[in-house]
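Q: Attaching a single structure in structure tokens format; questions to follow.
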Amino acid sequence: MAGSNEINLNECKMVVPLNTWVLISNFKLAYNLLRRPDGTFNRHLAEFLDRRVPANLNPVGGVFSFDVLVDRGTGLLSRIYRPASAEEPQPNITELEKPVTEEVVPVIIFFHGGSFAHSSANSTIYDNLCRLLVGICKAVVVSVNYRRAPENRYPCAYDDGWTALKWVNSRSWLQSRKDSKVHIYLAGDSSGGNIAHHVAVRAVESGIDVLGNILLNPMFGGQERTESEKRLDGKYFVTLRDRDWYWRAFLPEGEDRDHPACNPFGPNGRSLEGIKFPKSLVVVAGFDLIQDWQLAYVEGLKKAGQEVKHLYMEQATIGFYLLPNNSHFHIVMDEINYQACLYSEEEEFQHVAGSISVLVKRINGSDCVDELQVSSYTGILALCA
Amino acid sequence: MLRYDSTSSSAGSSSGSLSSSSSSSKPPQQEIDGLLAGAGYKVWSSELRQVAQRLERLETAMGNSPADFSQLASDAILYNPSDLACWVDSLLTEFAEPPPTCSSDFIVDPVNNQTVVNSAWTAAEPHAPQVHQNITYDEQQSLDNQSTVVTATEEDSGIRLVHMLMTCAECVQSGDLSLATSLIDDMQGLLTHVNTVCGIGKVAGHFIDALSRRIFQGMGGGSVNGGSAFENEILYHHFYEACPYLKFAHFTANQAILEAFDGHDCVHVVDFNLMHGLQWPALIQALALRPGGPPLLRLTGIGPPSPDGRDSLREIGLRLAELARSVNVRFAFRGVAASRLEDVKPWMLQVNPKEAVAFNSIMQLHRLLGSEQTRNSPIDTVLSWIRGLNPKIMTVVEQEANHNQPGFLDRFTEALYYYSTMSDSLEACRVQPEKALAEIYIQREIGNVVSCEGSARVERHEPLAKWRRRLSGAGFRALHLGSNAFKQASMLLTLFSAEGYSVEENEGCLSLGWHSRPLIGASAWQAVPAWENHMSSS
């Protein structure tokens, strides 16, 4: 049906900048090559195609990064992003895990997207996003390189998230001065958002405090075909067919999409009523075909009496947060700052979500990168587990 | 470097005060789209629309037969995914009719395909002779990005040891030898409290020894890099067996050489360091199985002279000849004995103008680097005569590390991380004595990097980004290693039980690393014909 195909392509090109369209279309194209009809995944080609960056001790835009081995048994790596301090711009080899000095430092545990199968913590797009989060929230960001489907199905990704959470919670160097506790936030986009939810549930059940959840276009689903799925199927980069493939790849074999991992408030889900669940910020893109499930998630939280802020970005497609060339991006980043992280009294006074004055401040402020500070770096060290 | 304010053609929503500089007239200097570059993709701003159109065509083509695509993807060889225009075009040629606006040069096999694309851009951009040289963002980032770390849980003693190693190195650099000496004593003591099985404890001992040698014995190196050629060969062989780095090097180089030799009946490989000739049986066998039959293969192996009257080069040659005979490959071997690579003269190699020549350098080129950047340094001389022989391909494998910095402290810290990562990866090896001897192999390298100077310091590793600049400047251009090489390298890794290894692709080069830190990088090169270079520099 070449005719309707053309219409689809044209519609979607009208709502995103050209370079965004090229970026996301390229992902879509590559991902089509990787998914096999029999449910297997061309992992070698996926790794070949994924664009990555190494960690960088040299501060770039005031942020430096290094990788840690969180769990030797599973080979679970995470990338830590920290703000470079003004007095000592280049961290010494022994100072990577230097205790944070501020009264309150948010620690954001980030789970990258990719529908449980694609990308890694060191994928360039996610490295960029994590660096941004450090700047916006004055936070330490821990990006978890969780095991992916289909080679590692449910609950591997959740287990890895849980392992990372425990690890973060037990780092004395991440404790805020104010109360000697680690101020943990969970964040993620797409499958990462789904993981953040499930890890939060586990945290609460185990008595670890999570201060907030930030879910960007979180990946949820269900057996039923919702109105948004039918209406938007194939229109804005994503098809129902690929969504189904990824669930089949992640969920235990034989399970359907009403499995609670996919549909946490569905027929097999459980209510979170009475549980001290973290407050949530749920961002939904208006052109995301699974928005009905995301809205159902928000409703599920509300019904259970949980605090949730729902940010609906009407004209946004999936991946809008990957490039800073659209207003949705800036609005959402501003909201994340407000919800999750430090803000001075002055900023709070000025805060109106999406207000031009705040946007302008963000763009012209030190959060954006001006120059690359090239200076000699120090190498780092593998310590024993 | 993340540039949020460079050229981004916005077709839709507003972007606040971000500058949008898309103008109707094409700028005289081509610019890449800054935002896409930030995401790891290189597209000329002026080509963005074309790339989008081609993506659309590809999508339409795929829409017609979706099931075929994953199968085709498994079989196709794809190159350099960062170069979006190139990548989309190669997919189009695989899966659809080639675009009508492009020249017919785009068809045919990938090796030629990329050559055509490169020279097309060379012709169009007289100020940018090499496609990749324009992209300073990427090079800068890759140059600065060597400082990755993998830390596991803290161990107080481990951290103290690191701190002391750094302080000691600092003292050595500033000349405070008495403090350095007392630190050595303290560290020896501390070593007994630290877990020496893995991580820092394991290599700390080697670094303490190397520092000690530097302080007490001066920097001639003496017996550090010593060890006879025979000893070195043994250590090399065990390092080869214990971990995948050298296998990856051989494998990747052979793959590229095989492809470069396609269609040639007389081929000649020059190996800069024959050792036991471990790399060549696989190539000989692959050539034997070549459709259309094997070529005549000449192998010239360079190596140090044998002190005891044996001609070890010739012995290796004989064994390889035996293998070649058994698989019906016509084979001729020549050994060139030289203590140093710079002593080799091109006439010794007896290259025949009619044959296709491949130069193979596995961790040899860095030995030609000195600490001063003088004119006519050995590296320049050697690269110059290599180029003069117009090889079909030059495979270069080097340690992915910055161990040739002038400052001692910088070098020391870089080496500390590099070798502790490498040593950590050795943990996966279960066989002895391979593991123990591989450890000694590493120890020798550490010793050279840390305690030697001047001509004694031969382990002058430089990262791929620097080699790219150096080789491009010397008149070579990169031949991209593709997805098949990547896949096969990845599959090689699955033979090792350890999960921590990973292969990465970066601008047509492959690297092998442990726990996300690249440790060894492989690339392939071809001499730019003199006439092309002349045109592009005018």
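The values are calculated or read from the model by the stated rules, or taken from the named source; none is laboratory data. All of these numbers come straight from a predicted model, not from anything done at the bench. Don't worry about glycine lacking a Cβ; one is built from the backbone with ideal geometry, like all the others, and counts go over all protein chains shown.
Q: Restricting to the stretch B:420-475, what's the tally of residues that are within 14 Å of chain A (Cβ to nearest Cβ) and farther than 25 Å from B:GLU507 by Cα?
A: Matching residues across the stretch B:420-475 total 11.
Q: Has the stretch B:38-52 got at least one residue that is modelled with pLDDT of 50 or more and more than 24 Å from A:ALA30 (Cβ to Cβ)?
A: First, the residues of the stretch B:38-52 that are modelled with pLDDT of 50 or more: B:38-52.
Next cut, more than 24 Å from A:ALA30 (Cβ to Cβ) only: none.
Scanning the stretch B:38-52, I find no residue that is modelled with pLDDT of 50 or more and more than 24 Å from A:ALA30 (Cβ to Cβ), so the answer is no.
Here is a yes/no grid of residues against (1) over 30 Å from A:GLN339 (Cα atoms); (2) surrounded by fewer than 21 Cβ atoms within 10 Å (Cβ to Cβ); (3) acidic (Asp, Glu):
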{"residue": "A:GLU205", "(1), (2), (3)": "no, yes, yes"}
{"residue": "A:PHE220", "(1), (2), (3)": "no, no, no"}
{"residue": "A:LYS235", "(1), (2), (3)": "yes, yes, no"}
{"residue": "A:GLU253", "(1), (2), (3)": "yes, yes, yes"}
{"residue": "A:ARG257", "(1), (2), (3)": "yes, yes, no"}
{"residue": "A:PRO260", "(1), (2), (3)": "no, yes, no"}
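Q: To continue, here is another question. Could you look through the stretch B:322-366, keep only residues that are in contact (Cβ under 8 Å) with a residue 40 or more places away in the chain and among the polar types (S, T, N, Q), and pick out the one that is surrounded by the most Cβ atoms within 10 Å (Cβ to Cβ)? Lay out the reasoning, then the answer.
A: At the first step, the residues of the stretch B:322-366 found to be in contact (Cβ under 8 Å) with a residue 40 or more places away in the chain are B:323-324, B:327-329, B:331, B:335, B:341-342, B:344-346, B:349-352, B:354-366.
Still in the running and among the polar types (S, T, N, Q): B:328, B:350, B:352, B:360-361, B:364.
On the way: B:ASN328: 10, B:GLN350: 11, B:ASN352: 11, B:ASN360: 30, B:SER361: 25, B:GLN364: 19.
Checked the stretch B:322-366; the qualifying residue surrounded by the most Cβ atoms within 10 Å (Cβ to Cβ) is B:ASN360.
Q: A further question on this structure: Just to be sure I understand, how many residues within the stretch B:369-405 are under 16 Å from the mean Cα position of the chain (by Cα) and free of Cβ contacts under 8 Å to residues at least 40 places away in the same chain?
A: 0
Q: Something else now. Given the criteria in contact with a helix residue (DSSP H, G or I) (Cβ under 7 Å, 6 or more places away or on another chain) and of a type outside the set (Gly, Ala, Ser), does B:ARG387 qualify? Explain how you work it out, then say what you get.
A: Working: in contact with a helix residue (DSSP H, G or I) (Cβ under 7 Å, 6 or more places away or on another chain): no; of a type outside the set (Gly, Ala, Ser): yes.
It is false that B:ARG387 is in contact with a helix residue (DSSP H, G or I) (Cβ under 7 Å, 6 or more places away or on another chain) and of a type outside the set (Gly, Ala, Ser).
Q: Go through (1) aliphatic (A, V, I, L, M); (2) at the interface with another protein chain (Cβ under 7 Å from one of its Cβ atoms); (3) under 21 Å from the mean Cα position of the chain (by Cα); (4) under 17 Å from A:SER119 (Cβ atoms) for A:LEU33 and report which single condition fails.
A: With (1) aliphatic (A, V, I, L, M); (2) at the interface with another protein chain (Cβ under 7 Å from one of its Cβ atoms); (3) under 21 Å from the mean Cα position of the chain (by Cα); (4) under 17 Å from A:SER119 (Cβ atoms) applied to A:LEU33, the lone miss is (3).
Q: Out of A:HIS44, A:HIS118, report the one residue that is more than 10 Å from chain B (Cβ to nearest Cβ) and either surrounded by fewer than 22 Cβ atoms within 10 Å (Cβ to Cβ) or within 30 Å of B:ASP33 (Cα to Cα) (or both).
A: That would be A:HIS118, the only listed residue that is more than 10 Å from chain B (Cβ to nearest Cβ) and either surrounded by fewer than 22 Cβ atoms within 10 Å (Cβ to Cβ) or within 30 Å of B:ASP33 (Cα to Cα) (or both).
Q: Right, another one. Can you tell me which residues in the stretch A:10-22 are at the interface with chain B (Cβ under 8 Å from one of its Cβ atoms) and touching a Phe, Trp or Tyr at 6+ places or on another chain (Cβ under 7 Å)?
A: A:LYS13, A:VAL15
Q: If you check A:GLN315 against the conditions, is it more than 17 Å from the chain's Cα centre (by Cα) and facing another protein chain (nearest Cβ under 10 Å)?
A: Numbers: more than 17 Å from the chain's Cα centre (by Cα): yes; facing another protein chain (nearest Cβ under 10 Å): yes.
Yes, satisfied.
Q: Follow-up. Looking for whichever is assigned to a helix (DSSP H, G or I), out of contact with any Pro (no Cβ under 7 Å at 6 or more places or on another chain) and surrounded by fewer than 18 Cβ atoms within 10 Å (Cβ to Cβ) here; the options are B:ARG319, B:ARG310. Which one fits? Reasoning before the result, please.
A: Values: B:ARG310 fails: assigned to a helix (DSSP H, G or I).
Only one candidate qualifies: B:ARG319.
Q: Restricting to the stretch B:385-414, count the residues that are under 20 Å from A:VAL68 (Cα atoms), at pLDDT below 95 and among the small types (Gly, Ala, Ser). Explain how you work it out, then say what you get.
A: Step one: filter the stretch B:385-414 for residues under 20 Å from A:VAL68 (Cα atoms), giving B:400-401, B:413-414.
Subsequent filtering for residues that are at pLDDT below 95 retains B:413-414.
Now narrow it down to the ones that are among the small types (Gly, Ala, Ser): none.
Qualifying residue count, the stretch B:385-414: 0.
Q: Let me ask something else. Condition first: part of a loop (DSSP other than H, G, I, E, B), under 20 Å from A:LEU77 (Cα atoms) and touching a strand residue (DSSP E or B) at 6+ places or on another chain (Cβ under 8 Å). Now tell me which residues in the stretch A:156-181 satisfy that. Let's see the steps before the verdict.
A: So the first thing to find is which residues in the stretch A:156-181 are part of a loop (DSSP other than H, G, I, E, B), and the list is A:170-171, A:175, A:177-180.
Now restrict to residues that are under 20 Å from A:LEU77 (Cα atoms): A:170-171.
Once the filter is applied, which keeps residues that are part of a loop (DSSP other than H, G, I, E, B), under 20 Å from A:LEU77 (Cα atoms) and touching a strand residue (DSSP E or B) at 6+ places or on another chain (Cβ under 8 Å), the stretch A:156-181 yields nothing.
Q: Please determine whether any residue of the stretch B:469-476 is more than 16 Å from the chain's Cα centre (by Cα), modelled with pLDDT of 85 or more and assigned to a helix (DSSP H, G or I).
A: Scanning the stretch B:469-476 turns up at least one residue that is more than 16 Å from the chain's Cα centre (by Cα), modelled with pLDDT of 85 or more and assigned to a helix (DSSP H, G or I).
Q: Only one of (1) within 29 Å of A:LEU323 (Cβ to Cβ); (2) free of Cβ contacts under 8 Å to residues at least 24 places away in the same chain; (3) not acidic (Asp, Glu) fails for A:ASN145. Which number is that?
A: (2)
Q: If we keep just the residues of the stretch A:54-75 that are surrounded by fewer than 22 Cβ atoms within 10 Å (Cβ to Cβ) and farther than 20 Å from A:ALA139 by Cα, which is nearest to the other protein chains (Cβ to nearest Cβ)?
A: A:GLY75
Q: Wholly within the stretch A:213-314, which helices (runs of 4 or more DSSP H) include no fewer than the required count, namely at least 1 residues that are touching a residue at least 12 places away in the same chain (Cβ under 8 Å) and touching a strand residue (DSSP E or B) at 6+ places or on another chain (Cβ under 8 Å)?
A: In the stretch A:213-314, the matching helices (runs of 4 or more DSSP H) lie at A:240-250, A:291-303.
Q: Moving on to the next point. State all residues of the stretch A:33-49 that are without any contact (Cβ under 8 Å) to a residue 60 or more places away in the chain and part of a helix (DSSP H, G or I); if no residue qualifies, say none.
A: A:LEU33, A:HIS44, A:LEU45, A:GLU47, A:PHE48, A:LEU49
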